[in-house]
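This report concerns only the one structure given below.
The values are calculated or read from the model by the stated rules, or taken from the named source; none is laboratory data. Quantities reported herein were computed from a predicted structural model and do not represent experimental measurements. We place every Cβ from the backbone using ideal geometry, glycine too, and count neighbours over all the protein chains shown.
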Amino acid sequence: MSDELRDEVEAINSIYGEASLVPAGDQDDGGDYILQLPGDAGSSLQLRFPSGYPETGGAPSVLGVQHSSGGVRGAGARDVRLFRAALGAVYQEGAVCLFDAVEDFSRRLEEEVQQQQQQMEEADGAAAEDADADEGDQSQDQGVNRRRRPRNDDADAEEEELDAAALAALPPPPWTVSEPVVEGKSTFVARVAAVSSPAQARRYVAQLLAGDRRVRSATHNITAWRVRGAAGTGSGTGSGAGAGAAVAVSYQDCDDDGEDAAGGRLLHLMQLMGLWDAMVVVTRWYGGVRLGPRRFALINAVARDAFVRAGMVPEGPGGGGGSGGSGKGKKR
């Protein structure tokens with residue numbers, strides 16, 4: 001197994017959860033692996049990596065379905081077809097490709113499911129569809145108005161110009177801090193806190209940068225947060241259950257701060273762990289040594305450590321492999 005493949009296996013398991021990519025059989029150094037597809041796909045595929053991957057030998061090959069999505073006829077064949085197409089689209093000789101292939105597969109699957117749903121709706125009849133569209137347009141107009149009010153409130157909060165003195169006068173955020181990880185002369189530290197609104201999450205980041213010169217001078221401060229408020233107060237990514245129903249609120253966002261795609265992976269980690277009303281800031285001080293895909297595993301590892309230390313990891317499989325909430329992290 002090449003160092004690049006070893007790092008890629010570790011990165012995939014850090015991003016999508018433990019045992020997402022495991023050797024097939026007892027040979028840890030062999031080229032056959034089982035990949036558990038993320039999200040609603042539910043299938044696991046058997047992959048074979050060429051002995052010279054990623055430098056030579058071409059892209060990984062899909063040998064077949066190890067386990068098919070339960071209860072969905074033809075899902076296994078569909079997932080094999082889509083993943084092979086994803087590998088063909090993203091593979092470049094000399095570069096690892098599995099994370100990009102998984103993300104491309106997820107996009108293709110979502111598009112295909114949406115297309116199938118659209119075809120089913122069209123089969124219901126043009127007359128019924130027109131009536132539903134008219135009613136849906138009115139509901140959508142009302143929904144847009146509902147969404148815009150809280151978003152404007154958040155925009156107003158974001159536009160407040162708080163200088164360093166004003167930020168320093170505020171109570172410090174209740175950070176729980178991970179153990180620092182040093183590799184290749186780079187240092188990674190994560191901070192997590194409970195938040196109740198997007199404005200509070202942004203304020204906590206501003207306070208951290210204003211109050212800690214070392215953090216402010218770091219190479220990257222990668223952030224992600226997810227907030228789910230009470231029903232009836234507006235809507236971010238949530239949706240109502242029907243006409244007149246209370247609207248569930250959900251907001252989520254991330255910022256790479258120059259570390260390409262790292263913010264999205266942190267947000268994906270929070271989704272896999274089932275975390276809401278929480279935020280994370282991962283600070284990296286670059287030491288001059290390129291870490292490749294390994295850096296994403298380290299970023300997610302310190303974030304996971306901080307969430308566990310803060311006692312935010314839910315019990316059960318939704319916890320993304322955390323060890324529970326000890327609440328023993330360092331508060332800063």
What are the pairs, 6+ residues apart or on separate chains, where a residue within the stretch 1-12 that is assigned to a helix (DSSP H, G or I) has its Cβ under 6 Å from a residue that is among the polar types (S, T, N, Q) and modelled with pLDDT of 85 or more? 12/20
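Could you count how many residues in the stretch 85-107 are of a type outside the set (Asp, Glu), surrounded by 17 or more Cβ atoms within 10 Å (Cβ to Cβ) and either touching a strand residue (DSSP E or B) at 6+ places or on another chain (Cβ under 8 Å) or in a helix (DSSP H, G or I) (or both)? First the steps, then the outcome.
Applying the first criterion (of a type outside the set (Asp, Glu)) to the stretch 85-107 yields 85-92, 94-99, 101-102, 105-107.
Checking the rest, the ones that are also surrounded by 17 or more Cβ atoms within 10 Å (Cβ to Cβ) come to 86-87, 90-91, 96-99, 101-102, 105-106.
Right, trim to either touching a strand residue (DSSP E or B) at 6+ places or on another chain (Cβ under 8 Å) or in a helix (DSSP H, G or I) (or both) and you get 86-87, 90, 98-99, 101-102, 105-106.
Matching residues across the stretch 85-107 total 9.
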Of the residues that sit in the stretch 177-200 and are of a type in the set (S, T, N, Q) and crowded, with 17+ Cβ neighbours inside 10 Å, which one is nearest to residue 252 (Cα to Cα)? 197
Determine, yes or no, whether residue 45 is at pLDDT 90 or above and over 24 Å from residue 270 (Cβ atoms). yes
Please go through the stretch 281-313 and pick out each residue that is part of a strand (DSSP E or B) and closer than 14 Å to residue 179 by Cα. 281, 282, 283, 284
The correct count of residues that are at pLDDT below 90, more than 16 Å from residue 198 (Cα to Cα) and assigned to a loop (DSSP other than H, G, I, E, B) in the stretch 235-258 is 8
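Within the bounds of the stretch 227-234, is there any residue that is over 30 Å from residue 169 (Cβ atoms), at pLDDT below 90 and part of a loop (DSSP other than H, G, I, E, B)? If you could, list the steps in order and put the result at the bottom.
Taking the stretch 227-234 first, the residues over 30 Å from residue 169 (Cβ atoms) are 231-232.
Next cut, at pLDDT below 90 only: 231-232.
Still in the list and also part of a loop (DSSP other than H, G, I, E, B): 231-232.
Checked against the condition, which is being over 30 Å from residue 169 (Cβ atoms), at pLDDT below 90 and part of a loop (DSSP other than H, G, I, E, B), the stretch 227-234 yields at least one hit.
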